[in-house]
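S.K.: Before I ask anything, here is the structure I am working with.
The values are calculated or read from the model by the stated rules, or taken from the named source; none is laboratory data. Because the structure is predicted, anything quoted here is derived from the model rather than measured. Note: ideal-geometry Cβ built from the backbone for every residue, glycine included; neighbour counts use all protein chains shown.
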Amino acid sequence: MNRSIPALVLALSLLAPAAFAQQGADAAQKMVALQAEVAQGKQAYISRQLAMDPAEQAAFWPVYDKVQEELAELAERRRANAAAVAYGLRTELDEDDAEDLADEAVAIEVDQAKLMERTYRTLSRAIAPKKALAYVQAEARLATLQRYEIAGSQLP
């Protein structure tokens, strides 16, 4: 069962952008609303989502800080990969390079799914599992927003 969690998280993370795209203008409005919520700061957004007491905050924020470092690395990889894909699609891209870019795109998603699995496991021992789940879900929404913003920046 533990092996199915990364696969499930990966599947959900890959389906989330498609689900938003199917909702058309409503999806764009949701993205704008999420951007506005996060504009005050990610920590404030997460804090509102979890409504933690002081003891939970003491256990949560050090884990959060470490996760943010890893998410920042993944975000940079995602941006670089998206830019390379966009460039490659406008120019001549050989099959090997296309495969490498595709492999990296999938590896980023797998690495993020594994990170969220580790994060949930760690947090569910430190705070209520329901709040750990809420955090992982909030990060999933923010990852979808990030993918949306990256995709938008790659449009002509």
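S.K.: Going through Arg90, Arg78, Arg48 one at a time, which residue ends up being among the basic types (Lys, Arg) and crowded, with 16+ Cβ neighbours inside 10 Å? Give the derivation first.
M.R.: Working: Arg90 fails: crowded, with 16+ Cβ neighbours inside 10 Å; Arg48 fails: crowded, with 16+ Cβ neighbours inside 10 Å.
After applying the criteria, what remains is Arg78.
S.K.: Count, please, the residues in region 51-65 that happen to be of a type in the set (A, V, I, L, M), surrounded by 12 or more Cβ atoms within 10 Å (Cβ to Cβ) and free of Cβ contacts under 8 Å to residues at least 12 places away in the same chain.
M.R.: Start the filter on region 51-65 by keeping residues that are of a type in the set (A, V, I, L, M), which leaves 51-52, 55, 58-59, 63.
Within this subset, residues satisfying the condition of being surrounded by 12 or more Cβ atoms within 10 Å (Cβ to Cβ) are 52, 58-59, 63.
From what is left, the residues that are free of Cβ contacts under 8 Å to residues at least 12 places away in the same chain are 58.
Counting residues in region 51-65 that are of a type in the set (A, V, I, L, M), surrounded by 12 or more Cβ atoms within 10 Å (Cβ to Cβ) and free of Cβ contacts under 8 Å to residues at least 12 places away in the same chain gives 1.
S.K.: Out of Ala143, Ala83, Ala72, I need the residue that is buried (at least 16 other Cβ atoms within 10 Å of the Cβ) and hydrophobic (A, V, I, L, M, F, W, C). Which one?
M.R.: Working: Ala83 fails: buried (at least 16 other Cβ atoms within 10 Å of the Cβ); Ala72 fails: buried (at least 16 other Cβ atoms within 10 Å of the Cβ).
Within the list Ala143, Ala83, Ala72, the selection yields Ala143.
S.K.: Now for a different question. Restricting attention to region 25-42, which residues are assigned to a helix (DSSP H, G or I), of a type in the set (S, T, N, Q) and over 13 Å from Glu149 (Cβ atoms)?
M.R.: Gln29
S.K.: Also, I was wondering about something else. Considering region 97-131 alone, what residues qualify as being among the acidic types (Asp, Glu), exposed (fewer than 13 other Cβ atoms within 10 Å of the Cβ) and either more than 20 Å from Glu76 (Cβ to Cβ) or touching a strand residue (DSSP E or B) at 6+ places or on another chain (Cβ under 8 Å) (or both)?
M.R.: Correct list: Glu99 only.
S.K.: All but one of (1) of a type outside the set (Ser, Thr, Tyr); (2) closer than 19 Å to Leu142 by Cβ; (3) part of a helix (DSSP H, G or I) hold for Val85, so report the exception by its number.
M.R.: (2)
Let's see how each residue does on (1) of a type outside the set (D, E, K, R); (2) modelled with pLDDT under 95:
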position	(1), (2)
Ile46	yes, yes
Glu69	no, no
Ala83	yes, yes
Glu92	no, yes
Arg118	no, no
